[in-house]
Amino acid sequence: MKFYFAPMEGMGRYIYRNAYNKYFHHIDKYFSPFLSTSSSGVLKMKEFKDIIPENNSGIYLVPQLLGNKADDFVMAAREVSNLGYDEININIGCPSGTVTAKNKGAGMLRDLDSLDRCLDGIYNGINQSNPNLKISIKTRTGYFSHDEFSEILEVYEKYPVYELIIHPRTRQDYYRENVNLDSFQYAVSHCEFPLCYNGDIVNVDSYKNICNRFPDINTVMIGRGLLSRPTLVEEILSNTDCHSNQKGISKFTSKEAKEKIIGMHNVLYREYTDALDGERNIMFKMKEIWLYLIISFEDSERYAKKIKKSKNLHEFESIISDIERHGIYII
Ligand SMILES: Cc1cc2nc3c(=O)[nH]c(=O)nc-3n(C[C@H](O)[C@H](O)[C@H](O)COP(=O)(O)O)c2cc1C
């Protein structure tokens, strides 16, 4: 099985990616949060900084692009490939209202003729300027309803999609409704190109459910599950019920897992303190990180409340010391 780290706007930029990668291994590909394409063809400084190779040493990164104009994609793809990348991913899944209102992200699924024209421009334009660049797609399975998915797939099938990553929710579902495994099944039965499953893999059991239902799938992408259980891939690999454990990962204790998480926290705290201006911004970022991480600790609600209520870095640090000394990571 190959494991991908999902693009997570607001969380998964290079500081997080590097800290995670220092303590937890076995991620085959990381996807950058979306980079907005524009008619100027120039990526914003924050986005550029996120993907430059110096900030991603030892990491296989796939930059993800968001937009709705083929020419803008082609220009951004050129900029990205000039940095040495040989794969890009197109975001056709972002459900945010500000994105879909501009017919970007999942908004592209509302008008399949426009989607088709846009993909035609992207694949042809990139093929002319950079024929070796691989173009994968990350998609939802509909805008309003999963019934739209067969027609969406007919559009994708016209292009040499390097890999199709499917999050089987509609745009209207956001992240609320259950994932619709029947629509993923439809893709498994009908698609020629490689597929990757994404959605709600949060523990070994949910991973096993996907493997049991789709035995031919050999790539999964995980997002929130890795933010709240950074050990998840190691747990899966060390669990011989899942597969043969070719990588020889041994089981670890709760104490060992906690040590790695605190190690990762320490790196993140140091890096964000250097990168961000002012206590407020650092607190905001660290609270966001811990609201995911704390879910995997016993007594998480009590800790989460304390973290949320902490008013300054001194208070925040003392809660993290408490977790370091007494917290129990649930294995
Ligand atoms: C905070 C947040 C930010 C996200 N940012 C992106 C993004 O930039 N690009 C993208 O394709 N998906 C984005 N997603 C969607 C995730 O990549 C993923 O598809 C979704 O969370 C479902 O997978 P999961 O259940 O494993 O988290 C984001 C999701 C969340 C919760």
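Each of Ile330, Leu164, Leu66 was placed along the dipole of the chain (beta-carbon charges, centred on the mean Cα), and the one lying farthest toward the positive end is Ile330. Here the accessible area of segment 106-253 is 43 percent carbon and sulfur, with a 1.4 angstrom probe and all protein chains present. Between the amide H of Gly142 and those of Arg171, distances stay under 5 Å, these residues lying 5 or more places away or on another chain, with hydrogens modeled in the peptide plane.
Converting phi to 3J(HN,Hα) with the Karplus coefficients 6.51, -1.76 and 1.60 and the offset θ = phi - 60°, segment 219-224 yields 9, 10, 10, 10, x, 4 Hz in sequence order, with x at every glycine or proline.
Legend: calculated FRET efficiency, Ile331 to Thr273, from the Cβ-Cβ distance at R0 = 41 Å, rounded to 0.05, equals 0.85.
Between the listed residues His265, Thr98, Phe31, the Cα displaced farthest toward the positive end of the dipole of the chain, a dipole computed from Cβ unit charges relative to the Cα centre, is found at His265.
For segment 189-265, the spherically averaged projection of the C-alpha convex hull amounts to 6.0 nm².
Accessible area of segment 254-326 with a 1.4 Å probe: how many percent of it is carbon plus sulfur? C and S atoms contribute 50 percent here. Calculate I(q)/I(0) for segment 148-226 by the Debye formula, one identical point scatterer on each C-alpha and no solvent, and give its log10 at q = 0.11, 0.18, 0.22 Å⁻¹ to two decimals. Log10 I(q)/I(0), no solvent term: -0.28, -0.76, -1.11. The residues of segment 88-127 have, on average, 36 Å² of accessible surface per residue, using a 1.4 Å probe with all protein chains present. Under the shape rule built on the C-alpha gyration tensor, where the axes satisfy a ≥ b ≥ c, segment 254-326 is oblate, since a/c reaches at least 1.5 while a/b does not exceed b/c. Once the gyration tensor of the Cα atoms in the chain is diagonalised, the equivalent ellipsoid follows with semi-axes of 34, 24, 19 Å, ordered largest first. In this rough spin-label picture, where each label sits 7 Å from Cα along the Cβ direction, the Asp116-Leu83 distance is 3.4 nm.
The values are calculated or read from the model by the stated rules, or taken from the named source; none is laboratory data. Computed from a predicted structure; not experimentally measured. A quick note on method: Cβ atoms are made from the backbone with ideal geometry, for glycine too, and the neighbour counts reach across all protein chains shown. These area figures cover heavy atoms from the full protein model, side chains too; ligands, DNA and RNA do not enter into them. Shrake-Rupley method; radii C 1.70, N 1.55, O 1.52, S 1.80 Å.
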